[in-house]
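Here is the structure we will look at.
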Amino acid sequence: MDFNQLSLYVQKGNGGKVKEMVSEGLAQKVSPTEILNEGLIAAMTAIGEKFKNNEIYVPEMLMAAKAMNAGMQVLEPVLTATGVKPIGKAVIGTVKGDLHDIGKNLVRMMLKGAGIEMYDLGIDVPAQAFLAKAKEVGADMICLSALLTTTMPYMDSVIKEFEKAGVRGQFVFMIGGAPVTEAYAKSIHADCYAEDAVVAVDVAKKYLAKKQ
Ligand code: B1M
């Protein structure tokens, strides 16, 4: 499979071709993780670099994101296929002020694939919505994503909302996203941090096992 060509189709925002190539790749038994990493995620990294260097602007970034999502739709059934019995429930969302959802969606898919029942609140999610959903579904874990240095501090506000309600101790908080670090997670007393969707699976499993 020509991963470079796939990446170029994503970067050009050609969702039709992206879907076609991902479907063909899966039919030829190319590893879904390789398609994801070498084709789709590589494209978003390149797009990020071009944006930073003022070679492209927000509309092109948005088109690339749509094409990436088209590819992820094809990959989703493969990534979320699970034969395991549910090991816990998690609420996930991108925090208030932040519209980035590709990484969050990926984390949701991988956690679902690991047998975690996922409740996705989408993007731009206020603290109160995390709290309400967590109580409603009896969640074990709250997963927060942020992609901007300006929205990352809102993760602290979400945790504080749970503290204010006197229920912080009932939930495991996992946080992640490009600007987020282990040190930041510690500073806001999140339980854990994961750098990517694959690591998020291991971390979530470990903390859910501890919680049981
Ligand atoms: Co935006 N954007 N963007 N953007 N965008 C970044 C993040 C940026 C780094 C680009 C750059 O300058 N190089 C920059 C942020 C700079 C900063 O804050 N330091 C930036 C900016 C500035 C902006 C705007 C402000 C631009 C503007 O309007 N002037 C604006 C903000 C809008 C808002 O949110 N309020 C904006 C808008 C957008 C679009 C809407 C056009 C689009 C998003 C569309 C969408 O998501 N549906 C977009 C995109 C596509 C990007 C880049 C190019 C790609 C992001 C992405 O999808 N990466 C991005 C540059 C980059 O990241 N290189 C950029 C692929 C994805 C798989 O990775 O999301 O990092 P990621 O997720 C990873 C890990 O972070 C981790 O696992 C994931 C999978 O492995 N992870 C978790 C994520 N969440 C996790 C949660 C966990 C655990 C792990 O536990 C719960």
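Residues in the range 7-20: is at least one near the ligand (Cβ under 10 Å from one of its atoms) and hydroxyl-bearing (Ser, Thr, Tyr)?
Checked against the condition, which is being near the ligand (Cβ under 10 Å from one of its atoms) and hydroxyl-bearing (Ser, Thr, Tyr), the range 7-20 yields no hits at all.
Scan (1) under 17 Å from the mean Cα position of the chain (by Cα); (2) hydrophobic (A, V, I, L, M, F, W, C); (3) modelled with pLDDT under 95 for the single condition residue 67 breaks and write down its number.
Against the list (1) under 17 Å from the mean Cα position of the chain (by Cα); (2) hydrophobic (A, V, I, L, M, F, W, C); (3) modelled with pLDDT under 95, residue 67 comes up short only on (3).
Can you report the number of residues in the range 110-141 which are under 19 Å from residue 161 (Cα atoms) and assigned to a loop (DSSP other than H, G, I, E, B)?
8
Only one of 206, 104, 186 is in contact (Cβ under 8 Å) with a residue 40 or more places away in the chain, outside any loop (DSSP other than H, G, I, E, B) and of a type in the set (Lys, Arg); which?
When all the criteria are applied, what remains is 104.
Considering only the range 135-193, how many residues are closer than 17 Å to residue 210 by Cα, more than 15 Å from the ligand (Cβ to nearest atom) and acidic (Asp, Glu)?
Of the residues in the range 135-193, 0 are closer than 17 Å to residue 210 by Cα, more than 15 Å from the ligand (Cβ to nearest atom) and acidic (Asp, Glu).
In this structure, is residue 114 small (Gly, Ala, Ser) and surrounded by 15 or more Cβ atoms within 10 Å (Cβ to Cβ)? Break it down into steps so the answer makes sense when it comes.
On the way: small (Gly, Ala, Ser): yes; surrounded by 15 or more Cβ atoms within 10 Å (Cβ to Cβ): yes.
Considered against the rule, which asks whether it is small (Gly, Ala, Ser) and surrounded by 15 or more Cβ atoms within 10 Å (Cβ to Cβ), residue 114 comes out as yes.
Only residues that are open to solvent by 60 Å² or more (accessible area, probe 1.4 Å), of a type outside the set (Lys, Arg) and outside any helix (DSSP H, G or I): list them for the range 15-32, please.
28
Here is a list of conditions, (1) without any contact (Cβ under 8 Å) to a residue 24 or more places away in the chain; (2) aliphatic (A, V, I, L, M); (3) open to solvent by 80 Å² or more (accessible area, probe 1.4 Å), and residue 56 meets all of them except one; can you say which number that is?
Evaluating residue 56 over (1) without any contact (Cβ under 8 Å) to a residue 24 or more places away in the chain; (2) aliphatic (A, V, I, L, M); (3) open to solvent by 80 Å² or more (accessible area, probe 1.4 Å) leaves (3) as the failure.
Taking into account only those residues within the range 75-85 that are open to solvent by less than 30 Å² (accessible area, probe 1.4 Å) and either closer than 17 Å to residue 30 by Cβ or in contact with a strand residue (DSSP E or B) (Cβ under 6 Å, 6 or more places away or on another chain) (or both), which is modelled with the lowest pLDDT? Before you say what the answer is, go through the steps one by one.
Residues of the range 75-85 that are open to solvent by less than 30 Å² (accessible area, probe 1.4 Å), as a first pass: 75, 79-80.
Subset that is either closer than 17 Å to residue 30 by Cβ or in contact with a strand residue (DSSP E or B) (Cβ under 6 Å, 6 or more places away or on another chain) (or both): 75, 79.
Working: 75: 93, 79: 85.
My answer is 79.
The values are calculated or read from the model by the stated rules, or taken from the named source; none is laboratory data. Because the structure is predicted, anything quoted here is derived from the model rather than measured. Note that each Cβ is placed from the backbone with ideal geometry, even for glycine, and that neighbours are counted across all protein chains shown. Heavy atoms of the whole protein, side chains included, go into the accessibility calculation; ligands, DNA and RNA do not. Shrake-Rupley method; radii C 1.70, N 1.55, O 1.52, S 1.80 Å.
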